[in-house]
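The values are calculated or read from the model by the stated rules, or taken from the named source; none is laboratory data. Remember, it's a predicted structure, so these values are computed and weren't measured experimentally. Positions of Cβ are backbone-derived with ideal geometry, glycine not excepted, and every protein chain shown enters the neighbour counts. The area values use the complete protein model at the heavy-atom level, side chains included, leaving out ligands, DNA and RNA. Shrake-Rupley method; radii C 1.70, N 1.55, O 1.52, S 1.80 Å.
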Amino acid sequence: MTVPVNATLRVLAIETSCDETAAAVVGDGHHVLSSVVSSQTDIHATFGGVVPEIASRAHLELLGPVVKEAMDRAGVAPGDLSAVAATIGPGLIGSLLVGVSAAKAYAWSWGLPFVGVNHMEGHLHAAFLEDPALSLPTVVLLVSGGHTLLICMQAAGQTARDGGVDGRGDEVEYRLLGQTIDDAAGEAFDKVARFLGMGYPGGPAIERAAIGGRPEAVAFPRGLAGSGFDFSFSGLKTSVIRYMRANPDAPLADVAASFQEAVVDVLVTKAQKAAAEVGAKGICLGGGVAANTALRERVKQICTQNGYAAFIPSRAMCTDNAAMIGAAACYRLKADGPTRLDAAVDPNLRLPLV
Ligand code: KG4
Ligand code: ZN
């Protein structure tokens, strides 16, 4: 079954792939009627990272109230919905199971289609929520705790420089340009923050610590600079550790600012080169690390300098949320129809790449 392209779609979406319990109601892929996120950060902070078993138990407790609040805030009843969606992977298996089982149960009991959504496709669609006019092809820098991907988002069949079709009327394709060969960018922030005793999650902690620091104070390495579009962050992490052991009294603000600068520099330089190579109309940010102010500012700057549109979602839409899952679900429902109720969660689910 496929849904007519012009139908009004109102989707209840659920996201429980990691440590945010989230639900949202999204209309037609870009109207956020409500978006509720209950973060478990405080629960996991004591352990310095996400504890999978604790995360699944917390999702079990939080999901019912979070879904109710999303429905109440949107002012909708089950009869007003067109489908129920949930993140089906990638993520922590126990956490995914809680959201997917609940979404299937709501869908079955309300007589609605279920849509299983790829978490990464959700991040890719976050920008559409705030900028439905986003033009393709666009280069997306997807930087989270688990992934660092440089992707060309293009209309189906659109080759690099054909100028193709704008917007999302046509099927969207994702072409992988580059990815990390070791640690993800967010993972590097988290590991370095942990080493520096700044707590969890590391990204916001390093960003705060870097305020007033000198980004040029320490020349940390730019992994794989100048060679293609892949990234490497594990050498940078080791370099920070070595530097601190050799300079235990170094000002933390300088070290944090220089580390942040090294990550931002390599991400933005490669995104800019990729945009030029594929003839992109814009550069888009996604994933938790995209909440970083230095990264956001640098992307805006290179877009202004080079004539690209900058698609930079609000911080709330960069970190994990269910509105982005609702946006991707509307698109998938129109393109592929509902997901079978016996579909399994997949902790290692990959993006459908061309
Ligand atoms: O997308 P996300 O919320 O969860 C997934 O990994 O899917 O991303 C979380 C990651 C963590 O590694 C966190 O440290 C990082 O995003 N992060 C940041 C900032 N806020 C979150 N990194 C740098 N600067 C930030 N302001
Ligand atoms: Zn994420």
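Figures for the structure shown
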quantity: Where Cys303, Cys18 fall by accessible area, highest first, once all protein chains stay in place (1.4 Å); calculated: Cys18, Cys303
quantity: Residue among Gly116, Gly235, Gly212 with the largest mean-square fluctuation in a Gaussian network model of the chain, springs linking Cα atoms under 10 Å; calculated: Gly212
quantity: Using alpha-carbon coordinates, inclination of helix 252-278 to the longest axis of the chain, degrees; calculated: 60 degrees
quantity: Amide H contacts of Phe231 (H built 1.01 Å from N, under 5 Å, at least 5 apart or other chain); calculated: Gln179, Thr180, Ile181
quantity: Förster radius 41 Å - calculated FRET efficiency between Ala156 and Asp249 (Cβ-Cβ, nearest 0.05); calculated: 0.15
quantity: Value of [θ]222 nm, deg cm²/dmol, for the chain, DSSP H segments ≥ 4, -39500 (n - 2.57) each, nearest 500; calculated: -13500 deg cm²/dmol
quantity: Fraction of beta bridges assigned by DSSP in the chain that are antiparallel (%, nearest 5); calculated: 60 percent
quantity: Under 14 Å, Cβ to Cβ, from Gly64 - net charge with Lys/Arg +1 and Asp/Glu -1; calculated: -1
quantity: Average accessible surface area per residue within segment 208-305, 1.4 Å rolling probe, Å²; calculated: 43 Å²
quantity: C-alpha long axis of helix 93-110 to longest principal axis of the chain, angle in °; calculated: 20 degrees
quantity: Most mobile listed residue (Thr148, Thr16, Thr46) in the chain, GNM with C-alpha springs under 10 Å; calculated: Thr46
quantity: For segment 261-328 and segment 90-116, distance of Cα centres in Å; calculated: 30 Å
quantity: GNM top mover of Thr21, Thr180, Thr87 - the chain, alpha-carbon springs below 10 Å; calculated: Thr180
quantity: Rounded tilt (10° steps) of 52-74 against the dominant C-alpha axis of the chain; calculated: 60 degrees
quantity: Residues of type aspartates and glutamates that Lys334 reaches as a straight line, Cα spacing below 17 Å, ignoring anything fewer than 8 places off in the same chain; calculated: Asp28, Glu121, Asp170, Glu171, Glu173
quantity: Residues in segment 114-157 reached by a label modelled at Arg340 [backbone nitrogen below 18 Å; 7 Å Cα→Cβ]; calculated: 114-118
